[in-house]
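Notes to accompany the following structure.
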Amino acid sequence: MTATKDRIRMVGTTLLSDDWYTLKKVTFDFLRRDGTWQRQNRETYDRGNGATILLHSPRTGNVILTRQFRMPAFVNGHDGMMIEAPGGLLDDASPEERIRLEVEEETGYRVGEVHKIFEAYMSPGSVTEKLYFYVGEYDASMRVNDGGGVEDEGEDVEVIEMPLQAALRAVDAGEIVDGKTIMLLQYVALRGFASARAT
């Protein structure tokens, strides 16, 4: 079987935007399965890789989520206030280092052990970003500040503590529509990490 790299001939790259992140148009020839080469153009949006985490409490059955405004969701018909698991871009830090910093900035919880569960490309047809997914346990003693994010970066993050089962019902009801958050909630639910006592 031909390696993928041998099925790609790069023709050229055009920088379309380098404002917040980098948008490029890539022209390449692709070797199709029938043996013919086809010229294609694709746009790639590079915002760097990121990490996300779901904090859960086996004692209470609760999870920690956030709510904040997301302009891309707003312009696509959502009211923009997205309920999400904490997360952020790596910005040259390791995924574990970054997620510890992000979860404290956004939620105010300084976590102990975190466990990487998988990596995933969330929109590989257009975005280069790969996310590193983590889970971790929390309790009230780990709260060191109110969270809320970094005001200078335009963040205004509301911290939400809710039962895992209530969060899963919110997914079913279309109230939680963020992909990474749904994946983390389902992972924790399937593996029984958080107790179902709190409903």
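The values are calculated or read from the model by the stated rules, or taken from the named source; none is laboratory data. None of the values given here were measured: they were computed from a predicted structure. FYI the Cβ positions are ideal-geometry reconstructions off the backbone, even for glycines, and counts take in every protein chain you see.
Of all residues in segment 127-143, how many are in a loop (DSSP other than H, G, I, E, B), out of contact with any Leu (no Cβ under 9 Å at 6 or more places or on another chain) and either modelled with pLDDT under 95 or buried (at least 18 other Cβ atoms within 10 Å of the Cβ) (or both)?
Of the residues in segment 127-143, 1 are in a loop (DSSP other than H, G, I, E, B), out of contact with any Leu (no Cβ under 9 Å at 6 or more places or on another chain) and either modelled with pLDDT under 95 or buried (at least 18 other Cβ atoms within 10 Å of the Cβ) (or both).
If only one of 167, 173, 140 is under 14 Å from residue 64 (Cβ atoms) and free of Cβ contacts under 8 Å to residues at least 24 places away in the same chain, which one is it?
It is 140.
Pick from segment 33-59 the residues that are among the basic types (Lys, Arg) and more than 20 Å from residue 98 (Cβ to Cβ): which of them is surrounded by the fewest Cβ atoms within 10 Å (Cβ to Cβ)?
33
Of everything in segment 9-27, what is surrounded by 11 or more Cβ atoms within 10 Å (Cβ to Cβ) and closer than 29 Å to residue 91 by Cβ? Give them in sequence order.
13, 14, 16, 17, 21, 22, 23, 24, 25, 26
Quick one: in segment 149-172, of everything that is small (Gly, Ala, Ser) and not in a helix (DSSP H, G or I), which residue is modelled with the highest pLDDT?
149
Which strands (runs of 3 or more DSSP E) sit wholly inside segment 1-92 and have at least 1 residues that are farther than 23 Å from residue 123 by Cβ, in the same structural domain as residue 155 (by TED's automatic domain parsing) and touching a residue at least 24 places away in the same chain (Cβ under 8 Å)?
Result: 50-56, 62-69.
With (1) of a type in the set (Val, Ile, Thr); (2) within 13 Å of the chain's Cα centre (by Cα); (3) crowded, with 18+ Cβ neighbours inside 10 Å as the list, and residue 107 as the residue in question, which single condition is left unmet?
So residue 107 meets the others, but not (2).
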